[in-house]
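The values are calculated or read from the model by the stated rules, or taken from the named source; none is laboratory data. No experiment lies behind these values; they were computed from the predicted model shown. Don't worry about glycine lacking a Cβ; one is built from the backbone with ideal geometry, like all the others, and counts go over all protein chains shown.
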Amino acid sequence: MEHLYFTEEHNFFRKSLQDFLQKEVVPHIDEWEKTGTIDRSVWEKFGEMGYFGLATPEAYGGLDLDLFYTVIFLEELQKVNSGGFAAAMWAHAYLAMTHLNKEGNHEQKEKYLTPSAEGKMIGCLCITEPFGGSDVSGMRSTAVKKGDTYIINGSKTFITNGVYSDYLVVAAKTAPELGNKGISIFVMDRNTPGISATKLDKLGWRASDTGEIAFDNVEIPAANLMGEENKGFPYIMQHFALERLIMGINAHARSEFALEYAIQYMKDRFAFGKSISKFQALRHKVAQLTSEVEVCKTFNYVTAKRLNDGEYVVKEATMSKLISTKVADEVMYECVQFLGGYGYMEDYPMARLLRDSRLGPIGGGTSEILREIISKMVIEGKEYKPAT
Ligand SMILES: Cc1cc2nc3c(=O)[nH]c(=O)nc-3n(C[C@H](O)[C@H](O)[C@H](O)COP(=O)(O)OP(=O)(O)OC[C@H]3O[C@@H](n4cnc5c(N)ncnc54)[C@H](O)[C@@H]3O)c2cc1C
């Protein structure tokens, strides 16, 4: 199936990325998982290799490659076994940078997008609030125009790269009375007076800094508005298609990684005089799970191809995340079981995989919200269109 989507160049890229990750990332993962920080130098190395700019125009330091380079980037990141490290990288490259790329003007792109592609600046995307997670339009943060500035007040939570990033892409209400039609997007420097961040402790994704951020009378130039005022909601929604597909792809990739490890383990582990891979109770589970993962992967590749060809695949991307993250959770649960007591030990990869995978059905739209979206589309025939 791979040959339908990946050329020789793609395969070469995958191999060099694998080598890079083995050399520059894998030896440090355990330490970063413990400290919850990622060495700044590795961001720069990613930048030097061009990994952050795969989908960025050449004019802003990127490589402007097709989406299957991004698919490879995401898949291989899952295989270093740190959902947190992977999230820090893809949230920068595909949450913060996607908004800059699509809604940023030339000056904003020169100031933030180019250094982001080079790994010299790290970004984060701040949408979720303590009182507005699934209900994005319920956000309370405000941006009030005052002369040629905006004054931002409010708070955000659960923000990936929320503590150590250099700039923030922030959604706030410019016209609260208009509900979701009154949201705008801004970019701002981390060191702007009035911005403070606290690191959150969490179940998994431990290498990434998930932050709660407060904005206390933060004054930013009016020129930091991204795109048009009050268009923030459609901007956010249209990028959810990519974000959700990313999370679907991540899910099939980490499932493959877990199953590959578990199958090898089962071949090597003996009980009752034979390899545990010979027990039908386990074999059938492996057969079932590998089938489910393969179906997800095939669907995710088709969806990636359609997105790459310019289709607005909001329904399919939503389905991709809904199903692939569910399958991944089942895979992790069963793979812990395949390893017995060793599955529960931190010296083996499954414990972290289980923790990290659990975020799949929550972040970037919970499974319940995804089912809401899909049911509106398939029952009422609702259509979602990209922002114009
Ligand atoms: C580690 C981590 C990293 C994250 N990174 C980012 C980031 O970089 N940027 C960012 O902006 N956000 C980020 N998020 C936030 C994430 O997207 C939200 O947590 C998610 O959208 C859910 O919002 P909530 O936590 O407020 O849950 P709530 O909206 O409070 O939901 C609670 C429960 O109620 C259910 N529920 C809510 N509404 C409905 C409904 N209409 N029907 C049925 N059930 C419903 C939900 O499905 C869920 O089960 C991150 C979260 C985590 C945990």
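Checked against the criterion of being in contact with an Asp or Glu (Cβ under 8 Å, 6 or more places away or on another chain) and farther than 29 Å from Asp148 by Cα, the candidates Arg190, Arg206 yield just one match: Arg206. When Ser141 is tested against (1) over 21 Å from the mean Cα position of the chain (by Cα); (2) near the ligand (Cβ under 8 Å from one of its atoms); (3) of a type in the set (Gly, Ala, Ser), only condition (2) is not met.
Hey, can you tell me all the residues within segment 153-172 that are more than 9 Å from the ligand (Cβ to nearest atom), within 21 Å of Ala91 (Cβ to Cβ) and not small (Gly, Ala, Ser)? Working first, answer last.
Of segment 153-172, the ones more than 9 Å from the ligand (Cβ to nearest atom) are 153-155, 163-170, 172.
Okay, now just the ones that are also within 21 Å of Ala91 (Cβ to Cβ), so 154-155, 163-170, 172.
Answer for segment 153-172, where residues must be more than 9 Å from the ligand (Cβ to nearest atom), within 21 Å of Ala91 (Cβ to Cβ) and not small (Gly, Ala, Ser): Val163, Tyr164, Asp166, Tyr167, Leu168, Val169, Val170.
Residue-level check: of (1) crowded, with 17+ Cβ neighbours inside 10 Å; (2) assigned to a loop (DSSP other than H, G, I, E, B); (3) of a type in the set (Lys, Arg), Lys156 misses just (2). For first residues located in segment 358-376 and on the phi < 0 side of the Ramachandran plot, partners that are of a type in the set (Lys, Arg) and within 9 Å of the ligand (Cβ to nearest atom) and lie 6+ apart or on another chain with Cβ distances below 9 Å form the pairs Leu359/Lys202. Within segment 292-304, the set of residues being buried (at least 18 other Cβ atoms within 10 Å of the Cβ) and either more than 23 Å from the chain's Cα centre (by Cα) or farther than 18 Å from Gln264 by Cβ (or both) comprises Glu292, Cys296, Lys297, Asn300, Tyr301, Thr303, Ala304.
Screening Leu322, Leu289, Leu307, Leu353 for residues that are surrounded by fewer than 21 Cβ atoms within 10 Å (Cβ to Cβ), assigned to a helix (DSSP H, G or I) and touching a residue at least 40 places away in the same chain (Cβ under 8 Å) leaves exactly one candidate, Leu307. The criterion of at least 2 residues that are over 30 Å from Ala351 (Cα atoms) and modelled with pLDDT of 95 or more is met, among helices (runs of 4 or more DSSP H) falling completely within segment 13-118, by 40-49, 97-103, 114-117.
Looking at Glu243, is it buried (at least 18 other Cβ atoms within 10 Å of the Cβ), in a helix (DSSP H, G or I), among the charged types (D, E, K, R) and touching a residue at least 40 places away in the same chain (Cβ under 8 Å)? For Glu243, the condition - buried (at least 18 other Cβ atoms within 10 Å of the Cβ), in a helix (DSSP H, G or I), among the charged types (D, E, K, R) and touching a residue at least 40 places away in the same chain (Cβ under 8 Å) - is met.
Look at (1) more than 30 Å from Asp66 (Cα to Cα); (2) away from the ligand (no atom under 14 Å from the Cβ); (3) assigned to a loop (DSSP other than H, G, I, E, B) and you find that Ala214 fails only one, number (3).
For segment 197-230, give me each residue that is more than 22 Å from Ala175 (Cα to Cα) and exposed (fewer than 14 other Cβ atoms within 10 Å of the Cβ). Lay out the reasoning, then the answer.
Step one: of segment 197-230, the residues more than 22 Å from Ala175 (Cα to Cα) are 197-212.
Scanning segment 197-230 gives Thr198, Asp201, Leu203.
Here Thr149, Thr192, Thr128, Thr174 are screened, and the one residue that is outside the structural domain of Lys109 (by TED's automatic domain parsing), under 22 Å from the mean Cα position of the chain (by Cα) and modelled with pLDDT of 95 or more is Thr128.
Being in a strand (DSSP E or B), over 17 Å from Phe240 (Cα atoms) and more than 9 Å from the ligand (Cβ to nearest atom): is that true of Ile185 here? Break it down stepwise before answering.
Values: in a strand (DSSP E or B): yes; over 17 Å from Phe240 (Cα atoms): no; more than 9 Å from the ligand (Cβ to nearest atom): yes.
Judged against the criteria, Ile185 is not a match.
With the structure loaded, tell me whether Leu178 is surrounded by 23 or more Cβ atoms within 10 Å (Cβ to Cβ) and either away from the ligand (no atom under 15 Å from the Cβ) or under 25 Å from Lys79 (Cβ atoms) (or both) or whether it fails that test. Answer is no for this residue.
Quick grid of which residues meet (1) within 11 Å of the ligand (Cβ to nearest atom); (2) of a type in the set (Gly, Ala, Ser); (3) assigned by TED's automatic domain parsing to the domain that holds Phe257:
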site: Glu76; (1), (2), (3): no, no, no
site: Asn81; (1), (2), (3): no, no, no
site: Leu95; (1), (2), (3): yes, no, no
site: Thr98; (1), (2), (3): no, no, no
site: Asn101; (1), (2), (3): no, no, no
site: Gly104; (1), (2), (3): no, yes, no
site: Ser137; (1), (2), (3): no, yes, no
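Scanning segment 359-388 for residues that are part of a loop (DSSP other than H, G, I, E, B) and over 22 Å from Leu95 (Cα atoms), we see that the one that is modelled with the lowest pLDDT is Glu383. Among residues of segment 127-138 that are in contact (Cβ under 8 Å) with a residue 12 or more places away in the chain, those with a Cβ under 8 angstrom from a residue that is more than 8 Å from the ligand (Cβ to nearest atom) and among the polar types (S, T, N, Q), sequence gap 6+ or separate chain, pair up as Glu129/Ser141; Glu129/Ser155; Pro130/Ser155; Val136/Asn180; Ser137/Asn180. With respect to (1) surrounded by fewer than 21 Cβ atoms within 10 Å (Cβ to Cβ); (2) in a strand (DSSP E or B), the lone exception for Arg283 is condition (2).
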